[in-house]
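Peer 1: Please read through the structure below; I'll follow up with questions.
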Amino acid sequence: MIWIALAALLLAALVCFLVWPGRALPAQKAAFAGVNCAHRGLHTKDKAVPENSLAAFRAAVDAGYGMELDIQLSKDGAVVVFHDDTLERVCGVRGRVDAFTLQQLGEMRLCGTAERIPLFTEVLDAVAGRAPMIVELKNGPRNDELCEKGLRLLRGYQQRYPQAAFCVESFDPRIVAWFRKNAPDILRGQLAHPAKEYAHMSFPLRFALANLLGNAAARPQFVAYEYGPKAPGARLCEALGAVRVCWTVRSAADGDAAQRQNDTVIFEHYRPAPRWR
């Protein structure tokens, strides 16, 4: 029996080691505590104000919300703000974002409006340190380049707006680990959702990502988990001190529940109070 107990103890210790989060500073926590963040800016369900547009980010700032946004690279290495890997859903153009130059992307329009795909620098200028900002780095074939360029732009933003609150996150633990190594002062988070959502991956990888086993390398200070039931590893990580962020909440009723269970809520298509604490 003693060997069984010892084995169980060692297994528990290993699991804790794998999912153990980093520690956010009090000021970092305070900047996002009780904040509702508009998902891809304060865009509208009818797409009159499209997602990840300058209009959506300006609307979020004007309404007093924080915001979440996505960055990736154009073919010629510009950092643009766009969510999908491909352009078809939002711009009606077939092909990947990183297959087009910045000039080509600039000729496209978002959801049939006059809005175009913005540069990350344009979004930073529009926000100007006036709202907390969650920056997701999209996984792709040039992750290191995206991390390096994204960090350079965020450092410039810090210098211009010392009061600015922002953090970075990614579904890819390697990107989060890159920031742990190269910018440990910047609040970093691991995005995740239940294993069933990683349907294109092998079971071991789905299980590892859903349960945050990549934390051993990345040590994220917050976990941004899909709204709903969380995998055991995610719950353990939060119990060990990770800041709790959830996405994406789409109704006031779900928002009330999410606020009780999380520190920060990412929302769309309804209008909560900017803060609840």
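The values are calculated or read from the model by the stated rules, or taken from the named source; none is laboratory data. Every value quoted in this text rests on a predicted model; they were computed, and no experiment measured them. Cβ atoms come from the backbone with ideal geometry, glycine included; neighbour counts cover every protein chain shown. Areas reflect the complete protein model, heavy atoms only, side chains present, ligands, DNA and RNA absent. Shrake-Rupley method; radii C 1.70, N 1.55, O 1.52, S 1.80 Å.
Peer 1: Describe numerically, in nm with one decimal, the distance between label points set 7 Å from Cα along Cα→Cβ at residue 276 and at residue 181.
Peer 2: About 3.8 nm, to one decimal.
Peer 1: Continuing with the same structure: Could you work out Rg/(2.2 N^0.38 Å) for the chain, with Rg from alpha carbons only?
Peer 2: 1.01
Peer 1: Measuring from label point to label point, each 7 Å out along Cα→Cβ, what is the residue 84 to residue 261 span in nm?
Peer 2: 2.9 nm
Peer 1: Where the centre of each part is set by its Cα atoms, how far does segment 21-70 sit from segment 202-254, in angstrom?
Peer 2: Comparing the Cα centres of segment 21-70 and segment 202-254, I get a distance of 19 Å.
Peer 1: Roughly how much of residue 276 is accessible, in Å² to the nearest 10, using a 1.4 Å probe?
Peer 2: For residue 276, solvent-accessible area is about 60 Å².
Peer 1: I've got another one for you. Pulled fully out, how much extra length does the chain show between residue 102 and residue 76, if you take 0.36 nm times their separation in residues and subtract their Cα-Cα distance?
Peer 2: Extra length from residue 102 to residue 76 when fully extended: 8.7 nm.
Peer 1: So what does residue 119 come to for accessible area, using a 1.4 Å probe and Å² rounded to 10?
Peer 2: 50 Å²
Peer 1: To continue, here is another question. Hey, if you put +1 on the Cβ of every Lys and Arg and -1 on every Asp and Glu Cβ in segment 166-277, which of 233, 264, 246 ends up farthest toward the positive end of that dipole?
Peer 2: About the Cα centre, the residue reaching furthest to the positive side is 233.
Peer 1: Counting only the heavy atoms of the protein chains, how much of residue 269 is accessible to a 1.4 Å probe, in Å² to the nearest 10?
Peer 2: Accessible area, nearest 10 Å²: 80 Å².
Peer 1: Determine the dipole magnitude for the chain: charges of +1 sit on the beta-carbon of Lys and Arg, -1 on that of Asp and Glu, nothing else is charged, the reference point is the Cα centre, and the result goes in debye to the nearest 20.
Peer 2: 500 debye
Peer 1: Let me ask another. I'm checking a number: the convex hull volume of the Cα atoms of segment 75-122, normalised per residue, in Å³. What is it?
Peer 2: Roughly 66 Å³ of hull volume per residue.
Peer 1: Residue 28: net charge of surrounding residues, Cβ under 12 Å, Lys/Arg +1, Asp/Glu -1, itself excluded?
Peer 2: Counting the neighbours of residue 28, the net charge comes to +1.
Peer 1: I'm checking a number: the convex hull volume of the Cα atoms of segment 78-200, normalised per residue, in Å³. What is it?
Peer 2: 129 Å³
Peer 1: Quick one: if you stick a label point 7 Å off each Cα along the C-beta vector at residue 10 and residue 114, how many nm between them?
Peer 2: Simple spin-label model gives 6.8 nm for this pair.
Peer 1: Continuing with the same structure: Taking every alpha carbon pair in segment 1-136, what does the distance histogram look like in 10 angstrom bins from 0, in percent?
Peer 2: 12, 33, 23, 14, 10, 6, 2, 0
Peer 1: Further question: If you count only protein heavy atoms with a 1.4 Å probe, what accessible area per residue comes out for the chain, rounded to a whole Å²?
Peer 2: 46 Å²
Peer 1: Ignoring any ligand, DNA or RNA, what whole percent of the accessible area of segment 29-124 comes from carbon and sulfur when the probe is 1.4 angstrom?
Peer 2: Of all accessible area on segment 29-124, carbon and sulfur atoms account for 49 percent.
Peer 1: Determine the principal axes of the Cα atoms in segment 128-231, then give the extent along each, sorted from largest to smallest and rounded to whole angstroms.
Peer 2: 45, 28, 21
Peer 1: Distance cut-off 30 Å, Cα to Cα: go down the list 29/149; 47/181; 138/181; 29/138; 45/230 and report the pairs above it.
Peer 2: Beyond 30 Å: 47/181.
Peer 1: In addition: How high is the FRET efficiency from residue 44 to residue 217, r the C-beta distance, R0 51 Å, rounded to 0.05?
Peer 2: The value I calculate is 0.85.
Peer 1: Additional query: What value, in deg cm²/dmol to 500, does the helix sum -39500 (n - 2.57) over DSSP H runs of n ≥ 4 give at 222 nm once divided by the residues of the chain?
Peer 2: That comes out to -11500 deg cm²/dmol.
Peer 1: For residue 23, project a label point 7 Å along Cα to C-beta. Then give me every residue of segment 226-262 with its amide nitrogen under 19 Å of that point.
Peer 2: 237-244
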